[in-house]
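The values are calculated or read from the model by the stated rules, or taken from the named source; none is laboratory data. Given the structure is predicted, the values throughout are model-derived calculations rather than measurements. Reconstructed Cβ throughout: ideal geometry from the backbone, glycine too, with neighbour counts over all protein chains shown.
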Ligand code: HXC
């Protein structure tokens, strides 16, 4: 009987603690179109699977009137659950409790669940909704962030780390998501910035709204800090669940295998790419034409769209795709697209996901802006990432492969395992127009009809070099293949690479051009 009373008492305590910041704060949260921290977790994990820890943790701050403030769970919920029956760790900051601000106990809860995630080798999902460092706790809050950043770095490449920004993520707090693998944002809800509008007004005298400064669109389209953009929290959770199906639970395991499926009949690979090398097309349709079920899951769709990255499956297993996008700036490489691709290549390599590269690009974007923005350093990241990656690496040259772009897009010289080219591929130091103008300059200017001579020389150059056979004659390309055979060649290349064992020289670590 005594025991029963204690259980009822516990029940009461639980219900009380689960109220977060109380009715009024919850109503305010809802009026902003936001779910509560608890609702978010329950929506995300398998039904009935969530188990919470540290609900009764209390802060021990005695200054600024804090001694009288009881903060439910110290403003953050931590726990474990399952997704598709597999374990995951999760934390969600509760904005209804002191604005989800991070004090030392709050931070200790987050670091505890991060440690569990690493020890148990399960993905960790962090839901951020917080006013940043709890001002009343001073340096203890800063210490808390430091402990989180350290663990983000330690976990990197061992377990997947996913950040969901569902409210403010202000001040140094944004560096935790920036250290994780994937950042999800929601329109009108997510706000990320280092120095907020208040600071900008004070220091610079400029007015800017939080939305304009660091809203979901800003980070999806301009900064590239976010990887997935959703219009509602529920759409965001669906995206997270889909991502989870493509990635391994940790770096020693493969992603879930699915039943192999043929691509949909509507994507006919040899009808997508126009013969005329100046005509654009959407390279995502080429990916859809080769992957299982034509199911391509794109990452960072709205940023640096001149390169496409994302996951698909071949024969039921996850593959990472990197593809030049001729529909956006002819698919050139520039600072942002090189950064985008390089990071994704490293992600796939860390989690043993084979890489397929589709190549069709005129080279690097020329111009003072790019040079001064550091295209040398940024472009080098991509070379580094491809060279360093030891997962199976397959390249298909769809059309143009010119200059540095040819090398950068996972060429044989960076140790591609297989390089295939379609028959209309053009592989050369530069495009025939530019090349003819330089090497036949004298003949063209001295000709009776320079235009006619230029045309003739361009045709001559194209005939001699702008085809796949020169590269094939040197063994730089393994096979020239008909477009319709692309999936067949990819499936086989993946199949025979399954036990690939390529080692990098022993070293502490390399020094990538960060
Ligand atoms: C303590 C905080 C807080 C904080 C919010 N609150 N932020 N308490 N520390 N950092 C509290 C508020 O006092 C309030 O408490 C409740 O949370 C809700 O906040 P409101 O301001 O009423 O909400 P809203 O109007 O929606 O505005 C949200 C906000 C704003 C934009 C996030 O609160 C804000 O600007 N906060 C400060 C953001 C910031 O500059 N953080 C950086 C801190 S420095 P009551 O009791 O009234 O409900 C930092 C450095 C870390 O983070 C460095 C790590 C390397």
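Scanning the stretch 366-403 for residues that are touching a helix residue (DSSP H, G or I) at 6+ places or on another chain (Cβ under 7 Å) and under 22 Å from residue 277 (Cβ atoms) returns 396, 398. Kindly establish whether residue 427 is in a loop (DSSP other than H, G, I, E, B) and either without any contact (Cβ under 8 Å) to a residue 12 or more places away in the chain or touching a strand residue (DSSP E or B) at 6+ places or on another chain (Cβ under 7 Å) (or both). No, not satisfied.
Which count do you get for residues in the stretch 250-287 that are closer than 17 Å to residue 331 by Cβ and either touching a helix residue (DSSP H, G or I) at 6+ places or on another chain (Cβ under 7 Å) or in a loop (DSSP other than H, G, I, E, B) (or both)?
Residues that pass the stated criteria total 12.
So which residues in the stretch 421-436 are at pLDDT below 90 and either surrounded by fewer than 19 Cβ atoms within 10 Å (Cβ to Cβ) or within 37 Å of the chain's Cα centre (by Cα) (or both)? The answer is 428, 429, 430, 431, 432, 433, 434, 435. So for the stretch 4-17 (the condition being touching a helix residue (DSSP H, G or I) at 6+ places or on another chain (Cβ under 7 Å) and either under 28 Å from residue 136 (Cβ atoms) or in a loop (DSSP other than H, G, I, E, B) (or both)), does at least one residue qualify? Within the stretch 4-17, one or more residues are touching a helix residue (DSSP H, G or I) at 6+ places or on another chain (Cβ under 7 Å) and either under 28 Å from residue 136 (Cβ atoms) or in a loop (DSSP other than H, G, I, E, B) (or both).
Condition check ((1) exposed (fewer than 14 other Cβ atoms within 10 Å of the Cβ); (2) over 28 Å from residue 244 (Cβ atoms)) across all residues:
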{"position": "21", "(1), (2)": "no, yes"}
{"position": "51", "(1), (2)": "yes, no"}
{"position": "62", "(1), (2)": "yes, yes"}
{"position": "69", "(1), (2)": "yes, yes"}
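When the stretch 33-65 is filtered for residues that are part of a loop (DSSP other than H, G, I, E, B), within 16 Å of the ligand (Cβ to nearest atom) and touching a strand residue (DSSP E or B) at 6+ places or on another chain (Cβ under 8 Å), the ones remaining, listed by number, are 34, 35. With respect to the stated conditions, residue 78 is crowded, with 21+ Cβ neighbours inside 10 Å, over 30 Å from residue 257 (Cβ atoms) and in contact (Cβ under 8 Å) with a residue 24 or more places away in the chain.
Residue-level analysis places residue 177 outside the set of residues that are in a strand (DSSP E or B) and out of contact with any helix residue (DSSP H, G or I) (no Cβ under 7 Å at 6 or more places or on another chain).
From the list 203, 186, which residue is within 16 Å of the ligand (Cβ to nearest atom), crowded, with 21+ Cβ neighbours inside 10 Å and either touching a residue at least 60 places away in the same chain (Cβ under 8 Å) or farther than 20 Å from residue 107 by Cα (or both)?
186
Checking residue 70 against (1) out of contact with any helix residue (DSSP H, G or I) (no Cβ under 7 Å at 6 or more places or on another chain); (2) modelled with pLDDT of 95 or more; (3) assigned to a loop (DSSP other than H, G, I, E, B), which test does it fail? Of everything listed in (1) out of contact with any helix residue (DSSP H, G or I) (no Cβ under 7 Å at 6 or more places or on another chain); (2) modelled with pLDDT of 95 or more; (3) assigned to a loop (DSSP other than H, G, I, E, B), residue 70 misses just condition (2).
For (1) in a helix (DSSP H, G or I); (2) surrounded by 14 or more Cβ atoms within 10 Å (Cβ to Cβ), each residue gets a yes or a no:
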{"residue": "410", "(1), (2)": "no, yes"}
{"residue": "445", "(1), (2)": "yes, no"}
{"residue": "488", "(1), (2)": "yes, no"}
{"residue": "499", "(1), (2)": "no, no"}
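For residue 212, the criteria (1) out of contact with any strand residue (DSSP E or B) (no Cβ under 8 Å at 6 or more places or on another chain); (2) surrounded by fewer than 18 Cβ atoms within 10 Å (Cβ to Cβ); (3) part of a loop (DSSP other than H, G, I, E, B) hold in every case but one, which is (3). Look at the stretch 352-377 and say how many of its residues are out of contact with any strand residue (DSSP E or B) (no Cβ under 9 Å at 6 or more places or on another chain) and touching a residue at least 40 places away in the same chain (Cβ under 8 Å). Qualifying residue count, the stretch 352-377: 2.
Count of the stretch 226-249 residues, restricted to those that are assigned to a loop (DSSP other than H, G, I, E, B) and more than 23 Å from residue 319 (Cα to Cα), is 2.
Going by what's in this entry, would residue 193 be described as out of contact with any helix residue (DSSP H, G or I) (no Cβ under 6 Å at 6 or more places or on another chain), surrounded by 14 or more Cβ atoms within 10 Å (Cβ to Cβ) and over 25 Å from residue 331 (Cα atoms)? No: the conditions fail for residue 193.
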